[in-house]
1. Looking at segment 26-37, can you tell me whether even one residue there is surrounded by fewer than 17 Cβ atoms within 10 Å (Cβ to Cβ) and either within 13 Å of ligand 2 (Cβ to nearest atom) or more than 23 Å from Ile211 (Cα to Cα) (or both)?
2. Looking only at segment 5-26, count every residue that is assigned to a loop (DSSP other than H, G, I, E, B) and on the phi < 0 side of the Ramachandran plot and tell me the total.
3. From the list Gly33, Gly29, which residue is within 20 Å of the chain's Cα centre (by Cα), more than 10 Å from ligand 1 (Cβ to nearest atom) and not in a strand (DSSP E or B)?
4. Hey, any hits in segment 208-217 for a residue that's in a strand (DSSP E or B), in contact (Cβ under 8 Å) with a residue 60 or more places away in the chain and not hydrophobic (A, V, I, L, M, F, W, C)?
5. Can you tell me which residues in segment 227-238 are surrounded by 17 or more Cβ atoms within 10 Å (Cβ to Cβ) and farther than 19 Å from Gln262 by Cα?
6. Being touching a residue at least 24 places away in the same chain (Cβ under 8 Å) and more than 16 Å from ligand 2 (Cβ to nearest atom) is the requirement here; does Leu48 meet it?
7. Kindly provide the set of residues from segment 138-161 that are in contact with a Pro (Cβ under 8 Å, 6 or more places away or on another chain), closer than 17 Å to Leu119 by Cβ and within 16 Å of ligand 2 (Cβ to nearest atom), ordered by number.
8. Determine whether Leu233 is under 30 Å from Arg93 (Cβ atoms), touching a residue at least 40 places away in the same chain (Cβ under 8 Å) and more than 16 Å from ligand 2 (Cβ to nearest atom).
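Coordinate-derived values only; no laboratory data. Nothing here was measured: the structure is a model prediction, and the numbers come from that model. Cβ placement follows ideal geometry from the backbone for every residue including glycine, while neighbour counts extend to all protein chains displayed.
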Amino acid sequence: MNVIETYNLCKYYKEKRAVDNLNLGVPEGVIFGYLGPNGAGKTTTIRLLLNLAKPTSGYAVVLGENITKSRKYLKKVGFLPDVPNFYNYFTAREYLELLSEIIKVDKKRVDEVLEIVGLKSEKKRIGTFSRGMKQRLGIAQALLSDPQILILDEPASALDPQGRKEVLDLIASLRGEKTVFFSTHILSDVERICDRVGILKEGKLILNDTIDNLKKRFSKRILHIEVNNPQKLFEKLKKENWIESISFSDKNALLIRVKEIQRAQREIPRIIVEEDILIDRFEFLEPTLEDIFFEVIS
Ligand SMILES: Nc1ncnc2c1ncn2[C@@H]1O[C@H](COP(=O)(O)OP(=O)(O)OP(=O)(O)O)[C@@H](O)[C@H]1O
Ligand SMILES: [Mg+2]
């Protein structure tokens with residue numbers, strides 16, 4: 001079941017198509033990476049889903065409710081904005097206890113969420129927190145009402161590698177319990193923890209699939225070959241029209257992007273034998289999300 005579905009969702013600011021005919025489905029329980037460069041329309045999509053902005057046209061269904069007709073679903077959605085604001089002179093616990101009163105949640109839940117985000121024994125004021133700690137507190141705040149869906153706008157993008165790891169590990173730990181929709185412009189973050197990815201470019205969704213499917217779809221396109229005379233092989237292969245690109249990856253190795261897999265499997269060994277080249281390695285590489293991303297973008 002999809003917990004989020006959008007139908008030709010559009011948001012225009014004058015001529016600017018911030019979100020353009022978006023048709024997106026997010027299945028229950030997945031970690032969904034919403035990937036796109038600056039200005040692609042990620043925050044705008046999130047604002048639409050949260051009823052913070054009105055669609056120019058189209059609509060979305062969240063947890064079975066049409067968001068243009070109802071706001072009840074918002075009770076079951078937790079949100080972390082891209083630039084969260086806290087009361088700096090509070091401790092994490094004080095801050096969450098205040099929120100729990102406002103949204104009428106049992107104080108016991110504060111303990112639970114502090115535990116989940118690893119801030120349970122943290123006594124310092126929020127003002128002295130690192131950015132990573134603040135993001136984790138932001139996730140705690142989003143989890144407070146025990147929502148079904150968490151929407152996180154660039155939760156890890158502004159963090160250093162250690163902070164990113166903490167936040168991504170935390171998001172990964174929610175797998176299976178919550179549906180997490182998070183935006184990012186960092187490919188490796190998606191690759192690390194997401195089950196599915198949607199890639200957004202200039203307001204348009206250009207790809208939407210599981211990471212596994214993508215890797216299968218684009219697998220066996222990149223070939224890694226190690227031989228005793230790579231220069232000779234390079235000269236032979238560069239003229240072939242079934243090869244897309246070829247480059248040296250290190251002293252004895254070639255990285256070859258092929259258009260026709262079977263042809264590569266047949267022809268390359270033949271050329272190697274004909275040219276009396278000695279082979280050390282012949283391997284199709286698993287594509288990274290980065291390989292796929294650049295292939296799709298171009
Ligand atoms: N309130 C607004 N008025 C006019 N234009 C806007 C408004 N909000 C967003 N835009 C434009 O819509 C486009 C998409 O913006 P959005 O903030 O959704 O992108 P984003 O993917 O979140 O980018 P970033 O990675 O920088 O956060 C941008 O060109 C932006 O300038
Ligand atoms: Mg944004």
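1. Checked segment 26-37: at least one residue is surrounded by fewer than 17 Cβ atoms within 10 Å (Cβ to Cβ) and either within 13 Å of ligand 2 (Cβ to nearest atom) or more than 23 Å from Ile211 (Cα to Cα) (or both).
2. Initially, segment 5-26 is screened for residues assigned to a loop (DSSP other than H, G, I, E, B), giving 14-15, 23-24.
If we keep only those that are on the phi < 0 side of the Ramachandran plot too, we end up with 15, 23-24.
Number satisfying all stated conditions: 3.
3. On the way: Gly33 fails: not in a strand (DSSP E or B).
Just one listed residue meets the conditions, Gly29.
4. Taking segment 208-217 and keeping what is in a strand (DSSP E or B), we get 208-210.
Next, from what is left, pick out any that are in contact (Cβ under 8 Å) with a residue 60 or more places away in the chain: 208.
Keeping just the survivors that are not hydrophobic (A, V, I, L, M, F, W, C) gives 208.
Yes.
5. Within segment 227-238, Val227, Pro230 meet the criteria.
6. On the way: touching a residue at least 24 places away in the same chain (Cβ under 8 Å): yes; more than 16 Å from ligand 2 (Cβ to nearest atom): no.
For Leu48, the condition - touching a residue at least 24 places away in the same chain (Cβ under 8 Å) and more than 16 Å from ligand 2 (Cβ to nearest atom) - is not met.
7. Keep residues of segment 138-161 that are in contact with a Pro (Cβ under 8 Å, 6 or more places away or on another chain), which gives 138-139, 141, 153.
Okay, now just the ones that are also closer than 17 Å to Leu119 by Cβ, so 138-139, 141.
Matches in segment 138-161: Gly138 only.
8. Details: under 30 Å from Arg93 (Cβ atoms): no; touching a residue at least 40 places away in the same chain (Cβ under 8 Å): yes; more than 16 Å from ligand 2 (Cβ to nearest atom): yes.
No.
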